[in-house]
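Here is the structure we will look at, set down as structure tokens.
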Amino acid sequence: MNAGAAAGGSRLAAARRVVIKVGSALLVEKSTGSVNRDWLEALADDVAAMRARGQEVVLVSSGAIALGRRELGLAKRKPKLEEKQAAAAVGQIRLAHAWKEVLERRGFAVAQVLLTLGDTEERRRYLNARNTLTTLLRLGAIPVINENDTVATAEIRYGDNDRLGARVAQMVSADCLVLLSDVDGLYTADPTRDETAQFIPEVPRITPEIEAMAGGSASDVGSGGMATKVLAAKIAVAAGCHMCIAAGREAHPLRRIGSGARCTWFVAGASPVTVRKQWIAGMLKPSGELVVDVGAARALRDGSSLLPAGVTEVRGRFDRGDAVVVLDAAGVEIARGLAAYSSTDAERIRGRRSSELEALLGFRGRDEMIHRDDLVLV
Ligand code: GLU
């Protein structure tokens, strides 16, 4: 193992929250069109080992369409869009069942989450999906995510789970995204066509040259080639999440990455929380203001979240997730953050204890008005 590979392996080991994307070509046996059981069992062992080390794991799994095709007699020819959607409906049940079987046996609750493009691109739905995913993680479940192919049509589709995986990594503030694939990483050219192609173990910055290198390399079963993987890397790295492309075909691919197996790392310069905070600090147009009392101002400076009890006044109109300015009693800006409540709800719960919120609002929301991960002191 060389020094670069060792650094890569420790990047995975050091991650707190990891998103693992599993491609169809690995999960579905090409000859039979059914789940590659032995391989999946070994991967589930790897996931269990990560959880035992205290890491949180989110799986983004392809395979619905590939698994449904044979069942519907569509294995031999290229299916039309509506046939793919039908195949996904049949295959997704099998896919979810396979994950449930292997992970439940290892003591984990498995949660199926099907997303469409709108769930990551529209703000309100994004926040909703993010809340659900982080709640699942807090409760110890392993989310298994796929695109909701049955209702996603060409115009509103990711189409590949590489970018979906990156969006999910961004959504849950993961610090590491692993794309398990049938290729072991990025080369200077397509290695199946060009024998002089050189392997690239680490990409510190995604330059136009790197994007050009990703031109080719398509696999048979999955739909994401190297180009979509580099697009995924751009999303992940911008969100402060390291990304790795690794060969997944052999048993125990995650364990192998951990011990320095060859793969390509796209390295993020900052952590997800730092990126988020930079973004919050740089927001040009906060939508509202929260005035807080002396105790809350002190608590914020000590690194706490802002609780409704400390808010004395709500100004402006804002939605849940919008950026707001926090002012002390003298009207001096002390922080900026993303409100966990709309201005209407914030007005209802200001000055109140967290235990009273449910009765005041009619639903159980977050305990904090602004969580400390969503807050930047100025
Ligand atoms: N969502 C598709 C499926 O589950 C796969 C997309 C991809 O291969 O990236 O069949």
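The values are calculated or read from the model by the stated rules, or taken from the named source; none is laboratory data. Here the structure is a predicted model, which means the values were calculated and not measured. As a convention, Cβ positions derive from the backbone with ideal geometry for all residues, glycine included, and neighbour counts pool all protein chains shown. Protein only, heavy atoms only, side chains kept; ligands, DNA and RNA dropped before computing areas. Shrake-Rupley method; radii C 1.70, N 1.55, O 1.52, S 1.80 Å.
What to note about this one:
- Sites HIS371 and ALA330 - FRET efficiency at Förster radius 25 Å, r taken between beta-carbons, to 0.05: 0.50
- Rounded to the nearest 10 degrees, the angle from helix 161-171 to the longest Cα principal axis of the chain is 20 degrees.
- Candidate residues GLU356, GLU83: accessible-area rank, largest first, probe 1.4 Å: GLU356, GLU83
- Taking the C-alpha atoms only, the angle from helix 226-238 to the longest principal axis of the chain is near 20 degrees.
- Of GLN55, GLN92, GLN170, the one that fluctuates the most in a GNM where the chain has Cα springs shorter than 10 Å: GLN55
- For the chain, carbon and sulfur atoms together expose 50% of the accessible surface, with a 1.4 angstrom probe and every protein chain in place.
- Amide H contacts of GLN112: VAL144, each under 5 Å away and 5 or more positions distant or on a separate chain (H built 1.01 Å from N in the peptide plane; Pro and chain starts excluded).
- Each of ALA251 and ARG124 was given a label point 7 Å from its Cα along the Cα-to-Cβ line. The distance between the two points is 5.0 nm.
- Accessible area of the chain divided out per residue, in Å², using a probe of 1.4 angstrom: 46
- For the set LYS100/LYS234; LYS30/LYS80; LYS76/LYS229; LYS21/LYS100, the pairs lying more than 23 angstrom apart at their alpha carbons are LYS100/LYS234; LYS76/LYS229.
- The string of couplings for the stretch 24-31 from the Karplus curve (6.51, -1.76, 1.60, θ = phi - 60°) is 4, 4, 8, 7, 10, 6, 5, 5 Hz, one whole number per residue in order, with x for Gly and Pro.
- Helix 123-138 axis versus longest C-alpha principal axis of the chain: approximately 80°, rounded to the nearest ten.
- The Cα-based radius of gyration and maximum Cα-Cα distance (Dmax) for the chain are 22.5, 72 Å.
- Helix content alone sets the calculated 222 nm mean residue ellipticity of the chain: runs of n ≥ 4 DSSP H residues at -39500 (n - 2.57) each, divided across all residues, give -12000 deg cm²/dmol.
- Once the chain from VAL273 to THR192 is taken as fully extended at 0.36 nm per residue, the excess over their C-alpha distance is 25.3 nm.
- Förster-model FRET efficiency, 25 Å R0, ARG298 and LEU361, C-beta, rounded to 0.05: 0.40
- Dipole moment magnitude, nearest 20 debye, the chain about Cα centre, only Lys, Arg, Asp, Glu C-beta charged: 360
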